[in-house]
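The values are calculated or read from the model by the stated rules, or taken from the named source; none is laboratory data. The shown structure was predicted, so the numbers you read here are calculated from the model rather than taken from an experiment. Cβ placement follows ideal geometry from the backbone for every residue including glycine, while neighbour counts extend to all protein chains displayed. These accessible areas exclude ligands, DNA and RNA; they are computed on the full protein's heavy atoms, side chains included. Shrake-Rupley method; radii C 1.70, N 1.55, O 1.52, S 1.80 Å.
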Amino acid sequence: MLIVVLLGLIVSLLLAAFGRHIRPGWWIFLAAAPLALSAWFVGQLPAVAGGETLLENTRWVPSLGLDLSFRLDGLSLLFGLLITVIGTLIFVYASSYLKGHPYIGRFYGYLSLFMASMLGVVLSDNLLLLFVFWELTSLSSFFLIGFNNDQADSRKSALTALCLTGLGGFFLLVGLVLMGRIAGTYSIQELIASAGLIKDHPSYPVIIALIFIGAFTKSAQFPFHFWLPDAMKAPTPVSAYLHSATMVKAGVFLLLRFTPLLGGTPGWSYTLLLVGGFTMMYAGGHALFRTDLKSVLAYSTIAVLGVLTFLIGLGTREALIAACTFVIVHALYKATLFLTTGIIDHETGTRDLTQLSGLRTVLMPVFIAGLLAALSSAGVPLFFGFIGKDLIYEATLHAGEEFRLYLTVAAVFANICLVAAGFMAGIKPFTGRLVPQFKQVHLPEWSMWIPPLVLALLCLVFGLFPGSIGKLIVSPSLAAVSVAGEPVHLKIWHGFNPVLLLSGATLAAGTVLYLLNSASANKMAFVGRFEVVSPQSLFNRGWRQLMRFSSLYTGILHNGFLRSYLVRIIIFAELLLAFELFKAGPLSVDFDSLAPITIYEAMNVLLLVGALFLVVKASSRLTAVVGMSVVGFAICLMFVFYGAPDLAMTQFTIDTLTVVLFAFVLFNLPPFLKFPTRNKAIITRDAVVALVFGGILSMIAIKVLQVPTSKEVSKFYGENAYLLAKGKNVVNVILVDFRGFDTMFEIVVLGIAALGVYSLIKLRLKPSERE
Amino acid sequence: MELLLVASIGFLYAAGVYLILKRSMVRLLLGIVLLGNGTNLLIFLLGTITKGKPPVIEPNLKVLADIYSDPVPQALILTAIVISFGLTSFAIVLLKRVYALIDTDDLDDLNTPEEEDI
């Protein structure tokens, strides 16, 4: 299974390396990759339908609990088939949709990457692995939405989508990690086995909230839905594949996957019912007001995702059957509609419903595909959509007594909107009189109109043979999301019952709505009035505020003045040290333990302080440097007093050399620049900051005196200097023998510094640098 | 006597910090040198200081008798002094170079304000 997941990735890497050598006509052969994968999935159908699950486990990062473990059960198989079968058709379709596009190689690379990551999401049996692939789908979606990267709004849409799905992914990760910590495992199967542990845990509400945010952003649920209509900036094959048939269903997949693990509680059900229910009605209603074909499709996709969420929230066996079936129903008809829309757009150059009409005469096969898909979406008997719709109504009607009515009404309303939207997209552009401007429109190559036709025919075939679909695909999926029960029997005909009545009423009402609802720009303007309070504009406002805040923040923190950075760092360090000192308790000095102060020592310190004063106040560089050398010599004297002759010698040499070097350089510099007298307040601030820092360090030094130091190491050196290293000067022995490597590298560092000094001194200004 | 050292450390740090907050590059450099000296003294104080007893083994003995100065901080400081000389000397010639290029030792003139691109 690893190879199944990685194949797309390998293809995309190969494309990155050799993509430019592929001849224009040959792109269609890339469809062999998804075709082979779909053949593999089809090959697994009998086994999985027989109740088997395929497992494969490879260690990856065991310390994180991250394994490459894959698992093929009914649910994975259902999604795997959707991804690869629709993927094959999309690969074929795109070869002529993007024919001659300079970046077609890049496009196929992203598409293959997406396919690989989506397969990874549905096949993963490890939470963290699932998350990795989840994020990869977001990333590939980002690149595909922004594929036309020369258009500003395309880039912006891509960024919006990435922000929202990325943000959701972040929440999801936290939720997943929480679950993993509670159960002590990241394997989904093991988690499901110990589902009770998580459901009873006090953090359960937090976990489902986090998972919901992840799923809702991905599956475009209100209020995160708006990235999806924006994402329609992507080339149409992408919209059909990612933003309708597969990627946006990842959220739904996640909810289905976690149903046995987290589902069944009131918090789970009510949240999903509310969010899904609201989304399906809101988006369904919105779809009717749109005039752009892809916009209509986008909103109806959101509505369908709402329906799916709603069904998962309902959570009964019937609802889950309906959800699994409806995933297939929708993927088939919606991908078809997107592909026909793509052809219309490609051939006529517009997607505006107010302009398109009468295209059936010029684009007959496309019309057939659109018509079949629209009929399936409307739930006309004999189509697969009919069965999907029936199952939905059955689920709502058999829900708990008190909510039955509301749930059914909501579902009927959403479905009526979906019927009308389906007709708008699948039939409207083809009916009516052919406008003269479209007289020249002709059918594109076969590779473009065959895929939608195939999908549309599948809508019909599946509708005619629902029994085998139920047995082969839906039953195993159901077994994966709930307790295995009776095999599912999907039937064309349920007999006369309330469900059929509702179905008929929906169809009739939807048709009437479609006939009454003529697309016009006025209605768009009407919807536009409410734009101010829509989640999208709130998001945009928040976005702008964030940008303003970050530029303000950068302006303050990163203002380009070294000293202001330093002041902040120092003040922070002061606060931290002061806090630690305060925590450590009062300072006390044991005067008896201290050595007496002699007069020469006191004089030396006075010398030091005086020299420091000179350095700080000096108005000429030379004075300052001389002051500094006096400081150095005073310290040198201290080393002499306290038994450190080596230090004294080194300090003396180094101090002398530094002064020489300074003098050598300063010789070339003009007298000290007097900067315009700075603000008194700033000088005071600097002085206060400096004195406080000095004071704190002094207190730390006193604290050091209080604490007895461990002499273990010193004792070791003292005892072994002569015995082991045959040297009597212990400091020297430490440096050249015990810590010899340190000293060697120190010499290397000095050598490098010396080279730098030498070359900088020798380096002459280039003419271009001389102003 | 330790208190005198404590006071010296405080003054060295205060002067060092004050100087690195200045605009002049020369002063910045002097400040860094002073901070380095302060740190050396602090490390020196960490080992208990002992007057006039360098950690050298007597000619007639094989091990160090117990009341000698602590050799470990001394070894550390020795390294620190030498390395900080490397740093200082390189900074000094860098200063010279910068001065040759932009004709000032004002840190503020090193800023090249960039276009706001947000």
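Numbers at a glance
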| item | result |
| --- | --- |
| Assigned charges on the beta-carbon of Lys, Arg, Asp, Glu; the stretch A:720-771 dipole about Cα centre (debye) | 180 debye |
| Equivalent ellipsoid, the stretch A:418-462 (semi-axes from 5 times Cα gyration tensor eigenvalues, Å) | 23, 18, 7 |
| A:Arg20-A:Ser550 FRET efficiency (beta carbon distance; Förster radius 30 Å; 0.05 resolution) | 0.20 |
| For the stretch A:742-753, 3J(HN,Hα) per residue [Karplus equation, 6.51 cos²θ - 1.76 cosθ + 1.60, θ = phi - 60°, Hz, x = Gly/Pro] | 3, 5, 4, 5, 4, 5, 4, 4, 4, x, 5, 4 |
| Neighbourhood charge, 15 Å Cβ-Cβ cut-off, centred on A:Trp134 and excluding it, Lys, Arg +1 and Asp, Glu -1 | +1 |
| Largest-first ordering by accessible area, 1.4 Å probe, given options A:Cys417, A:Cys163 | A:Cys163, A:Cys417 |
| Contour excess over end-to-end distance, with Cα ends at A:Leu723 and A:Ala39 and 0.36 nm allotted per residue | 238.4 nm |
| Contour excess over end-to-end distance, with Cα ends at A:Tyr600 and A:Asp352 and 0.36 nm allotted per residue | 79.7 nm |
| Computed over chain A: relative contact order in percent, which uses C-alpha pairs under 8 Å that are six or more apart | 10 percent |
| Cα centroid of the stretch A:269-300 to Cα centroid of the stretch B:44-82, whole Å | 80 Å |
| Residues A:Leu6 and A:Arg685, FRET efficiency given R0 of 35 Å [Cβ-Cβ distance, rounded to 0.05] | 0.05 |
| Cα-based Rg and Dmax for the stretch A:286-360, where Dmax is the largest Cα-Cα distance (Å) | 15.1, 46 |
| Alpha-carbon spread of chain B, three principal axes, descending order, Å | 71, 29, 28 |
| Shielding of A:701-708 by partner chains, average beta-carbon count, 10 Å | 5 |
| Counted charge near A:Leu332, where neighbours are those whose Cβ lies closer than 15 Å (Asp, Glu -1; Lys, Arg +1) | +3 |
| Kirkwood Rh and Cα Rg combined as Rg over Rh, evaluated for the stretch B:5-71 | 1.23 |
| With DNA, RNA and ligands ignored, accessible area of A:His494 (1.4 Å probe; Å², nearest 10) | 60 Å² |
| Most to least accessible of B:Glu2, A:Glu135 (protein chains only, probe 1.4 Å) | A:Glu135, B:Glu2 |
| Cβ charges +1 (Lys, Arg) and -1 (Asp, Glu), total dipole of the protein assembly as shown, debye | 1720 debye |
| Chain B, helix-only ellipticity at 222 nm - DSSP H runs n ≥ 4, -39,500 (n - 2.57), divided by all residues, nearest 500 | -22000 deg cm²/dmol |
| Number of partner chain Cβ atoms within 10 Å, mean per residue of A:550-562 | 2 |
| Centre separation in Å (Cα based) which lies between the stretch A:442-481 and the stretch A:106-150 | 24 Å |
| Added length on full extension, which subtracts the Cα-Cα distance from 0.36 nm per residue, A:Leu557 to A:Leu434 | 38.0 nm |
| Solution diffusion estimate, µm²/s, Stokes-Einstein, the stretch A:6-151, Kirkwood Rh from C-alpha pairs, 25 °C, viscosity 0.890 mPa s | 152 µm²/s |
| Residue-averaged beta-carbon neighbours from other chains (10 angstrom radius) around B:101-109 | 3 |
| Among A:Tyr565, A:Ala602, A:Phe549 the positive-end extreme of the charge dipole of the stretch A:548-612 (Cβ point charges) | A:Phe549 |
| Per-bin percent of Cα-Cα distances, the protein assembly as shown [20 Å] | 13, 32, 20, 22, 12, 1 |
| Percentage relative contact order, the stretch A:350-454, counting C-alpha pairs under 8 Å, at least six apart | 46 percent |
| Accessible area (Å², 1.4 Å probe, nearest 10) - A:Tyr270 | 120 Å² |
| Förster-model FRET efficiency, 25 Å R0, A:Arg541 and A:Thr265, C-beta, rounded to 0.05 | 0.10 |
| P(r) weight above 13 Å for the stretch A:720-771, C-alpha pairs, percent | 69 percent |
| Derived scalar couplings ³J(HN,Hα) [the stretch A:169-180; Karplus, 6.51 cos²θ - 1.76 cosθ + 1.60; whole Hz; x for Gly, Pro] | x, 4, 4, 4, 4, 4, x, 5, 5, 4, 4, x |
| Label-point separation, A:Glu52 to A:Leu622 (7 Å along Cα→Cβ), nm | 9.5 nm |
| Carbon/sulfur fraction of accessible area - the stretch A:720-771, other protein chains in place, 1.4 Å, % | 65 percent |
| Between the stretch A:191-242 and the stretch A:704-771, the alpha-carbon center distance in angstrom | 58 Å |
| Spherically averaged projected area of the stretch A:268-523 from its Cα convex hull (nm²) | 13.5 nm² |
